[in-house]
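S.K.: Sharing a structure here in C-alpha cells format.
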Amino acid sequence: MEDNKPKVVEYKLPEKVLKIAEGTIEYPSVIETDFYVKDALNKIMEKNLLLWSIKYYNGRSLQYKEGLVKFNNSNSYLYFIKRVDEETYKFFFVLPEESNDSVLFYLNSLKQFKTI
C-alpha cells in the first residue's frame, strides 16, 4: 500500500557555495534562517551583487529558484532557495565568524518579511 504522506523536502547549503566562499573566507560560518517572502529577497538584491541564479518562467514573470548573492563591501554571501510550491525563500548566510553580529542586526531589519 502506498503511503500518502507529503514528501519532506530538505533545504541544504550546496557544497559549491561553500567552495566559492572559501575563496575569500578562510573559515566560513553559516547562519540558516526560516523562510522569508519574496520582498525580502528583492530588498537584499537591490543593493548587492547577484553572482548566479537559477530561474524559471511561470507564464507571467521570471521566478528565482535559487541563487547566490555577494554583499557589497564585505566577504559575506547569501545563498537562497525557493520553497517548493510557495513564494517564500530560505536563506543561508555564509560569512566570517566575526560578522555574525552584523548579520543578526541585518536579519532584524528583515523581520517584517519573515513567514510565520
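S.K.: If ligands, DNA and RNA are left out, what is the accessible area of SER29 with a 1.4 Å probe, given in Å² to the nearest 10?
M.R.: Estimated to the nearest 10 Å², SER29 gives 20 Å².
S.K.: Measure of size requested: the Rg and Dmax of segment 11-60, with Cα atoms as the atom set and Å as the unit; please supply both.
M.R.: Calculated on Cα positions, Rg and Dmax stand at 13.5, 42 Å.
S.K.: If you don't mind, another one. Just how large is the dipole of the chain about the Cα centre, in debye to the nearest 20, putting +1 at every Lys and Arg Cβ and -1 at every Asp and Glu Cβ?
M.R.: It comes to approximately 500 debye.
S.K.: What FRET efficiency would be calculated for the residue pair VAL30, SER61, taking the C-beta separation as r and a Förster radius of 41 Å, to the nearest 0.05?
M.R.: In this case the efficiency is close to 0.85.
S.K.: Placing +1 on the Cβ of each Lys and Arg and -1 on the Cβ of each Asp and Glu in the chain, which of LEU50, LEU104, LEU78 has its Cα farthest towards the positive end of the resulting dipole?
M.R.: Farthest along the dipole direction, towards plus: LEU50.
S.K.: A follow-up question, please. Please compute P(r) over all alpha-carbon pairs of the chain, binned at 5 Å starting from zero, and give each bin as a whole-number percent.
M.R.: The percentages, shortest bin first, are 2, 11, 21, 23, 19, 12, 6, 3, 2, 1, 0, 0.
S.K.: Related question: What number, rounded to the nearest 500 deg cm²/dmol, is the helix-based mean residue ellipticity at 222 nm of the chain, given -39500 (n - 2.57) per DSSP H run of at least four residues and division by all its residues?
M.R.: -6500 deg cm²/dmol
The values are calculated or read from the model by the stated rules, or taken from the named source; none is laboratory data. These numbers were taken from a predicted model, which means no experiment stands behind them. Because the Cβ atoms are built from the backbone with ideal geometry, glycine has one as well, and the counts that use them run over all protein chains shown. Heavy atoms of the whole protein, side chains included, go into the accessibility calculation; ligands, DNA and RNA do not. Shrake-Rupley method; radii C 1.70, N 1.55, O 1.52, S 1.80 Å.
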